[in-house]
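Data first, discussion second: the structure below is written as C-alpha cells.
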There are 2 protein chains.
Amino acid sequence: MTVPVERWAEQVRAGDVRAASRAITAIENHAPEAEDLLRLLFPHTGRAYLTGVTGAPGTGKSTLVDRLAAFHRKSQEQVGVIAVDPTSPYSGGAILGDRIRMQGHAGDTGTFIRSMATRGFLGGLARATAEVALLLDAAGKKHVLIETVGVGQDEIDIVRLADCVLVVLVPGLGDDIQNMKAGLMEIGDIFVLNKADREGADRLEQQLLAMLSLVMPRDGWHPPVVRTVATENKGIEELALAVKEFQRHFETSGERKRKHVEHWKNRLVELLESRLIERALGGPGGQARLTDLAGEVAERKKDPFTAVNEILKRSGLDH
Amino acid sequence: MTVPVERWAEQVRAGDVRAASRAITAIENHAPEAEDLLRLLFPHTGRAYLTGVTGAPGTGKSTLVDRLAAFHRKSQEQVGVIAVDPTSPYSGGAILGDRIRMQGHAGDTGTFIRSMATRGFLGGLARATAEVALLLDAAGKKHVLIETVGVGQDEIDIVRLADCVLVVLVPGLGDDIQNMKAGLMEIGDIFVLNKADREGADRLEQQLLAMLSLVMPRDGWHPPVVRTVATENKGIEELALAVKEFQRHFETSGERKRKHVEHWKNRLVELLESRLIERALGGPGGQARLTDLAGEVAERKKDPFTAVNEILKRSGLDH
C-alpha cells in the first residue's frame, strides 16, 4: 500500500504477479485505490480476447480451461484465468480445487490464475470479474479465460463479459438437451462436448445438433459442436481453432463492437449504482440507520417507499 | 388505468383476480402506479406465509407446488403461486408449461397463479417477485408459493424472500450430493426427496442425511428430509406438516423476525438503486447519452470512471 498507484500500475503492466494479486484483492474488497489503478490501466486495455467457459458442475470445465491455457502457452501467448464460483456465496474465498489443479502452471509466469467467490451483494461478482479481466488485459494477457460454475442469471451475466462463450456438456450427466436451460443454449457461441469418449456421446451430439439447427444463426454464425477429452488433451487444438474462427467471424461482422458497447452500458449503470449507494448509505452510522429503517418496515410501522425517501433526504439526494 | 389507485387497491384486497393481474403487470413493467398501489397495500401485508421451492430442472417442482396448493385449498386457505424462470432471459414472457399445468385450478378463485420470466436488468426479478408476493399477501393469500428453476445466485436471492425454503431433489438426475451446490445445501430448511418411488431414492436419502448431519443446525432446527411422489399426491400432507413445524419453530425463536429485517435491508437498497438510476438516466435522451458514452468507453476514448462522473454531473447528483 506504500507503493504509489502510478508505480503499482506500471508493475501490473510489466506482468508483476504480486502487484496483480494485490490489485485483484483491492478490486474484490472494493478498495478506493482499485478505481485509481483501473483508471490508469484503462487506456492500456482492449487487446485481450475474453473466452467464457460455462456448464453444469461435473462437466470438466476446470480441466478444459487448464488445457486451453497450456495450449496457448505453447505459442508463448500469455494467459489469464479467472475461476468464478457464484453458487458458493458462503465459502467467501478461493476454491481449493482450483488451487490444487493449477499447480501444473505454478512455475509458469506466463499464466496468471485467480479464483473468486461471491461476496458482498447485488451483482458485485460480475463487476469484480469484469474489473479483474481489465486488469489482466492491461497486464498483457492475450487470452483471458473466465470459468464459471453453473447456469443461473449471475453466471449468464458473467459469461456475457466474454467475447466468445463456450458451453460445456458431457454425456450421462442428466443434462439431456430437454433439461438444458434455454438461456445456455442461446449464449453458447461454441458447444464443447467434453468426455466425448464416454457412452452416450454420439447421442448427445445428435441431440445438440438437432437443437442447434432450430436456432437462428446470429450474424451468419452457426455454433459448432467440438468434441474433447480434456483429461487426455484431445480436441483442445480443434477447440482453440474454433474460438479463433469465431473471433475472425465477429471482428469482420462488427458484432464484437456492438457487444462491447452493450457491455459498457451495463458496466456504467453498475458503476453509477455503486457510486450512488455509497453516497446514500456510506459514512458513519449509515448501515445502522438502514437496519433501523428495515426494522420499522418489517413491523409495518413505515412503508418501504417512505423509508427510501427518508434516506434520500438525509443524504441530500432528494432534490 | 382509468380506475383510481385507491379503488384498485380495494379490488386487490377483495381478491379480484383481474385487478391483481393488472397490478402484477404494472409491477413487472415498473409502471409508476405500481408504487402508489403497493404503498396503499403495504399496511395490509405481513400475514402471508412465503414458501420458496427450488431445485434443478426435472425434479418435479411444478407438480409439487401444484399439489401443495391443492392441499391448502382443501382447508379453504387461499393460495398464491409465483413461478419464476430466471434462466430464460430471452423468453420474456410467461411459461407455457405452467399455464397448462395449472389448468386444474383454473376454476378455483382461491388459487392465484402467475408465471414470471426475467426482463430488464440488474436484479429486477428478485424485486418484482418480492413485490408480487406483497401484493398476494395484501390480497389475502395465506400461502404464497414461490417456485424457481435452478440454483444460481439469482434464484438464491429469490428464495431468500421466503420464510421457508424447500430444496427438491430426485434420484438419478446426476445431482448426487457431491455435485450439489453448497449454496443450496445451506439455504434448504426442508429437503424434499421427490419421485421417491424411483430407484436410487434410498441411497440419495442416506447421502442427504449424512451430509445434513455435518451441517450446523440453525437455531436448533435440523432440516428434515421428506419423501414425496408428487404425481401420485404422496407425502404432500407430511410436507405441509413439516413446513408448519418449521414455521412454529422459527416464530418462537425470533429467527423469522431477524430474517424479515435482513430482507427489508436488501429491499430498501434495491429501491434506492432503482430510484437513483431513474434520476441519473431517466428522462428524455438519457438512454441515448448512455449509449454514446458506452461507445466512447468501448473505444478507449474515455475511461468508465470519467464517464460516470459526467452522468452524475449532468443529473445534478455530483455534489
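See the values below:
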| quantity | calculated |
| --- | --- |
| For residue B:217, label point 7 Å along C-beta direction: distances to other copies, nm | 6.2 |
| Test item: A:284-297 mean partner chain Cβ contacts at 10 Å | 3 |
| Positive dipole terminus of the stretch A:215-319, leading residue within A:317, A:277, A:224 (C-beta point charges) | A:317 |
| Local net charge near residue B:213, Cβ-Cβ under 15 Å (Lys/Arg +1, Asp/Glu -1) | -1 |
| Peptide B:185-191, shielding by other chains (average Cβ, 10 Å cutoff) | 1 |
| When each of A:74/B:302; A:302/B:142; A:234/A:259 is checked by Cα-Cα distance, pairs over 26 Å | A:74/B:302; A:234/A:259 |
| Whether the stretch A:1-44 is rounded, prolate or oblate, judged on the alpha carbon gyration tensor where a/c under 1.5 counts as rounded | rounded |
| Cα-Cα over 30 Å, subset of A:313/B:244; A:301/B:313; B:195/B:257; A:313/B:313; A:61/A:257 | A:313/B:244; A:301/B:313; B:195/B:257 |
| Cα gyration tensor, the stretch A:268-314 - rounded (a/c under 1.5), prolate or oblate | prolate |
| Other-copy label distances relative to residue B:197, 7 angstrom Cα-Cβ extension, nm | 4.1 |
| Label 7 Å beyond Cα on the Cβ vector: residue B:77 copy-to-copy distances, nm | 5.9 |
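Only the coordinates and a few stated rules stand behind these numbers; no lab work does. The structure presented is a predicted model; accordingly, all values stated were derived computationally and were not measured. Don't worry about glycine lacking a Cβ; one is built from the backbone with ideal geometry, like all the others, and counts go over all protein chains shown.
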